[in-house]
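K.L.:
Mind having a look at this structure? Questions to follow.
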Amino acid sequence: MIEATRCARVQRSVAPLRQDGVTRVGSIRTLLRTSPRQAFCDKQRMMASAVIEERRPGLFVFAAHLQYGHVARLWLEASAQPRAGTIGRHQAVDLALPLDDALSLRHLLFVVRKAGQGVQFQAIDLETCNGMQLESGQAVRLVEASGPLILCASDFLFFCFPTGQPLPWDRDCLDPWGSLRPRLVTRQVGSDFECTEPMAGWVTTQTKRGEGVVSFGNSALRAGVLIGRAERCDVVVPVNSVSRVHAVLILLDDGLWVLDAGSTNGTWRLDEELKIARVGEGDRLGLGSEVFLGWRGAH
C-alpha cells in the first residue's frame, strides 16, 4: 500500500513498480474500464483513511486509472499563500503518472489556498490534446471548487477531497457514492475560452535573440497564461532550455502569481528557485538560465 503523502512535493507513487528505471505494471491488479462510481466504491475506504488522518487544511488528489486502479495520490497543504502541484508523465512534476502515454508530460496544475475556515482550489488544464473534463463530461480549461470534485483526464479519474474538515461521505454506509456530497463548482472556464476584453498588461520575454511582448486581459490571466516552448502555450519561447510548458501566470484575488509547471530547468528569481511566487511590476524572473520573464501592467 502507498503511504500517505505528507508534503506538497513529489509522491513517487510508482516507485515500487520501477526496476532499473523501467515502469512495470504487471503487479497492478488489472480492471475492466469502470465508472467513477465503481472506482470510488473500490477505493473509498483507503481514501477516507488518508483524508481523515490528514488534519491540516489542504487537498488530496487521488489518481485512479480506468484499467489499472489507483496508482498515486498527492497532498497539497493550504495556507494563506497559494501552493501549487503539477500532474503528468514527466519525472519533474509533483505527481508523476508514467503509466499512460495519453496523459501529457505536464497535464494538470492544481492551485490550493485557505479561504476562511475552508480550502479553495483550482485545477488548470495545460492546453493538452486530451484536455480535462468534469464528471459530467464537459470539457474545461479551469475549474474552481471548495468541496469534493471529480475530474477526468486521459484514462485517469482524479478524486479531489479537501482535508482538515469532515469527510464528505459516509464510508460505512451501504451506498458511499450516494452519500458523497454534491460536487459544486464555484467557477469554471470552458476549453473554448477566448478573451476579447481590454488589455491589462504585457508579458515580456528576453532571450539572446531579443525581446518578445504579448498583451493579456484580466480574464485571460484569471484563466491562466501558459508560457513555454510548445506551440499550444499563450507565450511561446522557442528556446531548448525552456520546457514545453514551463510556467503559468495566473491572476488570483490578491494579485498576479507565477507557478512553475514542473519544468526541467526551473523558474528563478536571482539565485532562488521558485515553485510559486507573487509577480510585481518590473520583476525579472528566469526560465532556466537563458530566458527572462517580466510583467508590465497597463496604466
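Read the figures in this text as sums done on the coordinates, not as results from a lab. Keep in mind it's a predicted model, so treat the numbers as computed, not measured. Cβ coordinates were reconstructed from backbone atoms using ideal geometry, including for glycine residues, and neighbour counts include every protein chain displayed.
K.L.:
If you line up the long axis of helix 36-53 against the longest principal axis of the chain, both from Cα atoms, how many degrees apart are they, to the nearest 10?
P.N.:
With rounding to tens, the tilt is 80 degrees.
K.L.:
Considering the dipole of the chain built from charges on the beta carbon (Lys and Arg +1, Asp and Glu -1) around the Cα centre, which of A230, F292, G88 is farthest to its positive end?
P.N.:
G88
K.L.:
Something else about it: Students often check this: by mean Cβ neighbours within 10 Å, which of 267-277, 205-215, 104-114, 234-244 ranks highest, and how do the rest follow? Intermediate values should be presented prior to the final figure.
P.N.:
Values: 267-277: 15.0, 205-215: 12.9, 104-114: 24.6, 234-244: 18.5.
The densest-packed peptide leads the list: 104-114, 234-244, 267-277, 205-215.
K.L.:
While we're on this one: I'm spelling it out carefully: the read-out is Cα Rg over 2.2 N^0.38 Å, the candidates are (i) 1.48; (ii) 1.14; (iii) 1.00, and one was derived from this structure. Which label?
P.N.:
After the calculation, the listed value that fits is (iii).
K.L.:
Using the Cα centre of region 162-264 as the reference point, and only Cβ charges (+1 on K/R, -1 on D/E), how large is the resulting charge dipole? Debye, rounded to the nearest 20.
P.N.:
340
K.L.:
Which aspartates and glutamates have a Cα less than 18 Å from the Cα of K114, not counting those fewer than 8 places away in the same chain?
P.N.:
E54, E77, E144, D253, D254
K.L.:
Same structure, new question: Given labels modelled 7 Å from the Cα in the Cβ direction, how far is it in nm from W177 to C41?
P.N.:
The two pseudo-label positions are separated by 0.6 nm.
K.L.:
What 222 nm value per residue comes from the helices of the chain, counting each DSSP H run with n ≥ 4 as -39,500 (n - 2.57) and dividing by all residues, nearest 500 deg cm²/dmol?
P.N.:
-2500 deg cm²/dmol
K.L.:
Charges only on Cβ, +1 for Lys and Arg, -1 for Asp and Glu: so what's the dipole of region 66-164 about the Cα centre, in debye to the nearest 20? Walk me through the numbers on the way to the answer.
P.N.:
Values: 7 positive and 9 negative charges, 66 e Å.
So the magnitude is around 320 debye.
K.L.:
Which Cα, out of V248, M46, L180, lies furthest along the positive dipole direction of the chain (beta carbon charges, K/R +1, D/E -1)?
P.N.:
It is M46, whose Cα lies furthest towards the positive end.
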